[in-house]
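Down below is the structure, laid out as structure tokens.
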Amino acid sequence: MGRIALVTGGTTGIGASICKALKAAGYNVAANNVVYSDADKAFEQETGIKVFQWDVASPDQCLKGVETVAATMGGPVEVLVNNAGITKDGMMHKMPVENWDKVITVDLSSCFFMSRAVINSMREKGFGRIINISSINGRAGQMGQTNYSAAKAGIIGFTKALAQEAAPKGITVNAVAPGYTLTEMVKAVPEAVLKTIVEKIPVGRLGQPEEIARTIVFLAADEAGYITGETISVNGGQRMD
């Protein structure tokens, strides 16, 4: 049996592609979602990947959720992919405080809550992989996304700090910063706006979720143990730093 991997927000978009890619690479994969819907049931039936329900914005639910995953999967989580995230866009001078708080909690604080839930078992085992999903907008910023850009930039700082703490115990912590990727959310962008976005991408197209997923599989591997504290951009050359 392969290592146990857990992907938050793992049933749609990039998260679903990550789950499928990890399973194809031999991992024993669990997915998390905040609700268990008919779509999640269909995902389980299609992929054979078990879906677990809890809110990553709740530290208590994260602890209990990870315990349930470990009991169900037959061992502790060895690979954690913090993928869950939301957007609540708007210009800052019009942004309700609750829209700031919600995005910061779901997108950034959840990385702390989830990592905290798995770190002790990883330390005891002497092995772990924590991979946090940031964004091109965490590096470049984006008008109308002060909350989202702040959260995704915070993930990069969190990654660097935890990487230093965890390295002596054989745990690597890295981030992946996707660019504009062809998910349902991006497909909903008006065609004229999407055309403007693509014009700014040197490779001339949107990314595919599978391309993001392959990066996660690379970082999750046992052989990637000398890479930690890094943020890998997968954005078609739109942001080079």
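The values are calculated or read from the model by the stated rules, or taken from the named source; none is laboratory data. Owing to the predicted nature of the structure, the values given are computational and were not obtained by experimental measurement. Neighbour counts are summed over all protein chains in view; Cβ atoms, including those assigned to glycine, are modelled from backbone coordinates with ideal geometry.
Quick rundown of the values:
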{"read-out": "Only one of VAL35, VAL81 that is out of contact with any Gly (no Cβ under 6 Å at 6 or more places or on another chain), in contact (Cβ under 8 Å) with a residue 12 or more places away in the chain and outside any strand (DSSP E or B)", "value": "VAL35"}
{"read-out": "Residue ID - surrounded by the fewest Cβ atoms within 10 Å (Cβ to Cβ), chosen from residues in the stretch 41-77 that are part of a loop (DSSP other than H, G, I, E, B) and either aliphatic (A, V, I, L, M) or in contact with an Asp or Glu (Cβ under 6 Å, 6 or more places away or on another chain) (or both)", "value": "ALA57"}
{"read-out": "Residue count for the stretch 102-138, restricted to those that are of a type in the set (S, T, N, Q), in contact (Cβ under 8 Å) with a residue 24 or more places away in the chain and assigned to a helix (DSSP H, G or I)", "value": "5"}
{"read-out": "Only one of ALA30, ALA16, ALA42, ALA57 that is in contact with a Leu (Cβ under 7 Å, 6 or more places away or on another chain) and at negative phi", "value": "ALA30"}
{"read-out": "Identity of the residue in the stretch 199-208, of a type outside the set (A, V, I, L, M) and surrounded by 12 or more Cβ atoms within 10 Å (Cβ to Cβ), that ends up modelled with the lowest pLDDT", "value": "LYS200"}
{"read-out": "Every residue from the stretch 1-30 that is outside any helix (DSSP H, G or I) and either among the small types (Gly, Ala, Ser) or out of contact with any strand residue (DSSP E or B) (no Cβ under 9 Å at 6 or more places or on another chain) (or both)", "value": "GLY2, ALA5, GLY9, GLY10, ALA25, GLY26, ALA30"}
{"read-out": "Candidates LYS152, LYS195, LYS160, filtered to the one that is buried (at least 18 other Cβ atoms within 10 Å of the Cβ) and among the charged types (D, E, K, R)", "value": "LYS152"}
{"read-out": "Any hit, the stretch 174-184, residues being surrounded by fewer than 18 Cβ atoms within 10 Å (Cβ to Cβ), over 30 Å from GLU124 (Cβ atoms) and of a type in the set (A, V, I, L, M, F, W, C)", "value": "yes"}
{"read-out": "Tally of residues being acidic (Asp, Glu) and at pLDDT 95 or above across the stretch 145-198", "value": "1"}
{"read-out": "Residues satisfying the stated conditions in the stretch 142-151, i.e. under 30 Å from SER121 (Cβ atoms) and not in a helix (DSSP H, G or I)", "value": "none"}
{"read-out": "Members of the stretch 184-210 found to be without any contact (Cβ under 8 Å) to a residue 24 or more places away in the chain and among the charged types (D, E, K, R), listed by number", "value": "LYS187, GLU191, LYS195, GLU199"}
{"read-out": "Among (1) polar (S, T, N, Q); (2) surrounded by 22 or more Cβ atoms within 10 Å (Cβ to Cβ); (3) modelled with pLDDT under 95 - the single one GLN142 does not satisfy", "value": "(2)"}
